Every structure is written in structure tokens, then in C-alpha cells.
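Laboratory data are not the source of any read-out in this text; all were calculated from the coordinates shown. These numbers were taken from a predicted model, which means no experiment stands behind them. Neighbour counts run over all protein chains shown; Cβ positions are idealised from the backbone, glycine included.
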Amino acid sequence: MENSASGKIQREANSSIKNENIEIQEESRTSSGNENQNKQLVNDIETKLKMLEFIVPNECCIYKVPYHLRKWNEEAYTPHVISIGPYHHNKEKFRTTEKHKVIYFKHFMKRTERNLDDLVSTIRKMEDSIQCCYVETVQLKSDDFVEMIMFDAIFILELFLKSKLGGWPIDDPMIVENWLYGMVMHELLLLENQVPFFVIEELYHLALPSFSNSLSLIQLTFDLFKNLNIHEKAPNVKIQHFTDLLRFFELPNENELPTRPREVIFPKYSATQLHEAGVKFEVVSSKCVLDLNFNKGVLKIPLLDFQDSMEARVRNILALEQCDPRKPLYFTDFFLILDRLVNTTTDVDLLSEKGIVVKSHGDNNVVTFIINNLNRGIFRVDMNKNYCDLCKALNAFYELRWHRWKALLRYQYFSSPWRSASTIAAIILLVLTLIQTIFSIIK
């Protein structure tokens, strides 16, 4: 009996010791697992922090258009015939133009005395700087990235040289498919479809030194895009890419830009309302959007040529100003004001009549819709000071009753020669009747 009790006690003691050992081992494993897990997490966070050291914010200049802008017109930001840069690379729909790039690369190699190794080495040296220009992470291996940038940059160079010098081969894709050239030139201006300008420029100087010394790449670019509705500017500017160049065309020189106070003021009244209050509208010969001006009752507005590609061009510049904090919203200011001036097709009719709006499709509803939707999703905290003053002056002009009364008289009674003659005749008749009445009273 005693032996049995003793054995039972011994077994319980052994079991207790065993359980304690298991608990200690589990605690040890848990502690070790937590330490390993924490160490891995710490390493991951440190890696992310180190990656930031390689990103130079001032170099970031090629953006993906954010959803809150893109959703209003996906087509305006999306290339359909050619992909430039990594954002739309390797999509099935660009397979044909990827073959065109190889053909153009072969043509370009006949122009230069440089060999393939020189070109690859040049891009390889710039690889980190090029990667930094893309705000979105590039999901390509180093060799694939270098190859893509080289083919894209040289395609653009060869296209520009052919456009400038002529001599297109009869089997050139741009000749065989004559619609393709216009589409490609348009899509080279899309914000998501860019390579940094300094890459193209570096290859231009490397491969064609004698030609590049006599004609700068920026001048060559100016010459090719001069068919756009842009104002003349001296080609002595440093640009980031072609969308940036498009914005540069639309604005005055940097030292001529007005200040931007942290206030936002818009016209309270539409173009038709202002016109009825006596505001005159005139088209400005200048093509710079900052030449919008109001003085002595005359509102002067730069020409607005609503061709099929205009909306996409405007939207991409607006997106650039929204994405890049180094680009003040001078271009955006203009289209925000235009949106307030145009509320209905009647406003478009008025601006068309004054030669300010030119429509390629002839539909006022389309133009009104475009103007009223360009600024969806736009955020801002400041505004061009000259525009603030202009909007205050427009609002004050309309709110002065004498201007509305004077305009009412003019449009109601003197809007045409016949109406003017009738009004004058009525006034003369009224005066004669008054004189006759006075003589009758005197007698």
C-alpha cells in the first residue's frame, strides 16, 4: 500500500517536472520566435527607410495621374498606339509599335558612328537618375529597364530627325500608316508617357555631336511642336519632359509670372450675364493663357481652339500642376475662371461669335461639357494675383446698377439700326406730343 502511494507521488512529481520543462521550452520557443519575427520586421522597416535615402524628391517629375483626376476622362491620359517609359510598357496593344521602335533604332545606328556598347553604357550610367524621375516604383529588371529607355529615347530622336530632315523611306511605318504620325506626336505629350528629357539630350550629343552643335535638341523640339496652338518663346529653357514643355509654351517666362496670394476669387457671373451688363469680349492675338485681361469694360481672352486633341493636352498639363509641387497652378487658374464664365451653350455661342472659341466639331454642347468638366477633382489654395484682381473687377462691374441699366437700354432699344430708328422716332413723337400739350395748356 505504501509502495503504491509512494509510486503515485513519484509519478505526479515527475509529471509536474515534465510539464514545467515543456512550459519552459514553449516559452523559450515563443520568445525566440517573437525575437526572430521582430528582427525581421525591424530589418524590413530599416530597408524602407534606407530606400528613401536614394530618392531625390527634386528629380521626381514623371507621374501617374491620380484616380480622382483620371476617372473623369480615362482616355485623355492613356496612350493607345505607343508606350514611352515604364508605366504602360509591355502591354499587348503596343506590340506593333514596339517593332517600329526596333526599325527606328536600326535607322538611327546608320546615322551615328557610335556603337551599341556606347549607347548601353551611357544609359547604364544614368540608370539611377532615370529611375528617380519616376514617382511610381518601376517593376523592371535593370537590363530590361536600360533596354526600354534606350529604345524609347532613340525612337523619339529618330522620329524628330526624320521630321526635320525628311528622307522618309517609302516603307516607313509613319508613311505606310499616315494616321500614325499624328497619333504618336500627340501621345508623346501625355504625362504618363515620358522619358526624362536629359536622357534624349545626352544620347543626341553622344551620337550626333556635329549635328547637335548646330541645332540644339530643345530648338528641334520647338520646331516640331510649333503646329500646336502655342505662343512664340525663346528655346533657352531647361525642361523635364514633353508635358512640361507643353506647359512652358502656355505660360510667360518664369520672371514674368505674378505672385500667388493664398486667396481664391472667381467671377460670380457668366459670360452672357456680364455681356448683358455691358462687358465687351475680345479675342487676344497672344496665345499665352496669362494674357486674360479686363480693362475699361473689355474682357480680353486668348484664343481657345477646341480641336479633338485639345482636351487631352489641357488635362495633362492640369494633372502635371496638380502632381508636381514645383509647378504653381498658373495654367489651372485660367481654366477655373473659364469654367465660371461658361455655364450654358449660350455662353459658348457668345464666345464663338467674338472669335474667342473655335470649334472643330461645331457642337456647342460638347464644348460646354468639356469646359465644365476639365476642373473636376482639382485642388488649390492660392491664385494668380492678377486673376484675383480681374475677378474682383468683373464682379464689381456687374454689380454696379448703372452698367446694367445702360446695357438694358442698349440691347432693348438700340441693338439694331431698325430698333434704334424706331426708338428715336418714338422719342421724337413723345417730345412733340409733350410740346403740343404744353402749348395747349398755355393757350
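So what is the orientation-averaged projected area of region 193-343, using the convex hull of its C-alpha atoms, in nm²? Display every interim value, and only then the final one.
Values: hull surface 43.5 nm².
Over all viewing directions, region 193-343 projects a mean Cα-hull area of 10.9 nm².
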field: Added length on full extension, which subtracts the Cα-Cα distance from 0.36 nm per residue, Asn90 to Lys71
entry: 4.5 nm
query: If you plug each phi of region 167-181 into the Karplus form 6.51 cos²θ - 1.76 cosθ + 1.60 with θ = phi - 60°, what whole-Hz ³J(HN,Hα) values come out, in order, with x for Gly and Pro?
result: x, 5, x, 5, 9, 4, x, 6, 8, 4, 10, 5, 7, 5, 4
field: Low-density loop cleavage sites - trypsin sites (Lys or Arg not before Pro) in region 93-197, where at most 10 other Cβ are within 10 Å (DSSP)
entry: Lys141
message: Rg over Rh of region 272-312, using C-alpha atoms and the Kirkwood radius, what does it come to?
response: 1.06
For a label point 7 Å along the Cα-to-beta-carbon line of Ser210, residues of region 73-110 with backbone N under 15 Å: 110
task: Express in nm, to one decimal, how much length is gained between Lys268 and Asn372 on full extension, taking 0.36 nm for each residue of separation and deducting their alpha carbon distance.
output: 35.9 nm
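I need the GluC sites (Glu not before Pro) found in region 95-199, filtered to DSSP loop residues with at most 14 other beta carbons within 10 Å of theirs. Write out the running numbers ahead of the final one.
Numbers: sites: Glu98, Glu113, Glu127, Glu136, Glu147, Glu158, Glu177, Glu187, Glu192; in loops: Glu113, Glu136, Glu177, Glu192.
Passing sites in region 95-199 are Glu113, Glu136, Glu177.
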message: Less than 15 Å Cβ to Cβ from Pro328, Lys/Arg counted +1 and Asp/Glu -1: what total charge do the surrounding residues give?
response: -2
message: Here is the link list: Lys287/Lys354; Lys296/Lys359; Lys296/Lys392; Lys300/Lys354; Lys226/Lys354; Lys93/Lys226. Which ones come out longer than 20 Å on Cα distance?
response: Lys296/Lys359; Lys226/Lys354; Lys93/Lys226
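Across every pair of different alpha-carbon atoms, what Kirkwood hydrodynamic radius in Å does region 178-227 reach? If you can, show how the numbers build up before the last one.
Working: mean 1/r = 0.0817 Å⁻¹.
12.2 Å is the Kirkwood radius here.
Would you calculate the convex hull of the Cα atoms in region 67-250 and tell me its volume per residue in Å³? Working shown, then result.
On the way: hull volume 24.4 nm³, N = 184.
Once divided by residue count, the hull of region 67-250 is 132 Å³.
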- prompt: What are the residues whose amide H is under 5 Å from the amide H of Asp305, where those residues sit 5 or more places off or on another chain and H is modelled from the backbone?
  reply: Val358
message: Can you tell me the length gained on complete extension of the stretch Leu434 to Ile45, counting 0.36 nm per residue apart and subtracting the Cα distance?
response: 130.6 nm
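Starting from region 166-250, pick out the chymotrypsin sites (Phe, Trp or Tyr not before Pro) whose DSSP state is loop and whose Cβ has at most 10 other Cβ atoms within 10 Å.
Numbers: sites: Trp179, Tyr181, Phe197, Phe198, Tyr204, Phe211, Phe222, Phe225, Phe242, Phe248, Phe249; in loops: Trp179, Phe225.
Loop-located and lightly packed - Trp179.
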field: 3J(HN,Hα) from dihedral phi, region 255-266, Karplus parametrisation 6.51/-1.76/1.60, rounded to Hz, x for glycine, proline
entry: 6, 9, 6, x, 6, 10, x, 7, 9, 10, 10, 10
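Among residues other than Val357 whose Cβ falls under 11 Å from its Cβ, what is the net charge (Lys/Arg +1, Asp/Glu -1)? Write out the running numbers ahead of the final one.
Details: positive: Lys354, Lys359; negative: Asp305, Asp347, Asp349, Glu353.
Local charge sum for Val357: -2.
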